[in-house]
Amino acid sequence: MSRKKDRESNDLSGSNAPSRILIVDDEVAVRTSPAAFLEDHGHEIMVTDSAEEALTLFGRNSFDIAIVDLRLPGMTGDILIARAHERDKSIRFLIHTGSVDFSLTDELRQLGMTDDHVLNKPRPDLNTFSTKIAELDEERV
């Protein structure tokens with residue numbers, strides 16, 4: 001499913017330009033709520049419910065950021081992140097997980113991820129996504 005919006009100057013995240021973001025989560029509400037919020041803030045959003053489809057989308061599209069759930073049917077989110085990073089080292093990642101005991105693996109840390117890149121579910125304040133995306137955009141510069 002694709003959600004696109006004209007790249008008007010309504011981005012409230014603090015970054016200079018809208019980001020192209022892929023949200024990967026098998027829970028409909030968990031992927032559509034932040035998708036709509038971020039789209040309203042000027043970002044170009046695509047969503048999917050599986051890591052396998054995400055890899056296909058990575059092959060067909062250019063993304064700045066991916067927000068990835070870890071517990072996905074089939075391929076897990078950490079494997080998706082590693083494979084997507086192999087294809088395009090410029091993509092930055094946020095992990096959005098309901099796992100209370102999750103800690104970053106050494107492999108994810110070697111990809112440049114830190115504990116600041118992990119957001120726990122539920123995420124009632126969607127502004128956190130905008131803040132984290134702005135931080136990732138600053139890291140890129």
- Message: What's the total number of residues in the range 83-114 that are within 14 Å of the chain's Cα centre (by Cα) and surrounded by 15 or more Cβ atoms within 10 Å (Cβ to Cβ)?
- Response: 10
- Name the residues in the range 34-57 that are hydrophobic (A, V, I, L, M, F, W, C), surrounded by fewer than 19 Cβ atoms within 10 Å (Cβ to Cβ) and either more than 19 Å from PRO122 (Cα to Cα) or in contact (Cβ under 8 Å) with a residue 40 or more places away in the chain (or both), would you? PHE37, LEU55, LEU57
- Task: Determine which member of the set PHE58, PHE37 is in contact with a Leu (Cβ under 6 Å, 6 or more places away or on another chain) and of a type in the set (Phe, Trp, Tyr).
- Result: PHE37
- Item | Complete set of residues in the range 70-126 that are among the aromatic types (Phe, Trp, Tyr) and outside any strand (DSSP E or B) | PHE102
- Item | Positions within the range 99-141 being within 15 Å of PRO34 (Cβ to Cβ) and among the acidic types (Asp, Glu), in sequence order | ASP125
- Message: Looking at the structure I just gave you, is ILE65 closer than 23 Å to MET113 by Cβ, buried (at least 21 other Cβ atoms within 10 Å of the Cβ), at pLDDT 95 or above and touching a Lys or Arg at 6+ places or on another chain (Cβ under 8 Å)?
- Response: yes
- Is it fair to say ALA36 is among the small types (Gly, Ala, Ser), at pLDDT 90 or above, in contact with a strand residue (DSSP E or B) (Cβ under 9 Å, 6 or more places away or on another chain) and closer than 17 Å to PRO73 by Cβ? no
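The values are calculated or read from the model by the stated rules, or taken from the named source; none is laboratory data. Nothing here was measured: the structure is a model prediction, and the numbers come from that model. Don't worry about glycine lacking a Cβ; one is built from the backbone with ideal geometry, like all the others, and counts go over all protein chains shown.
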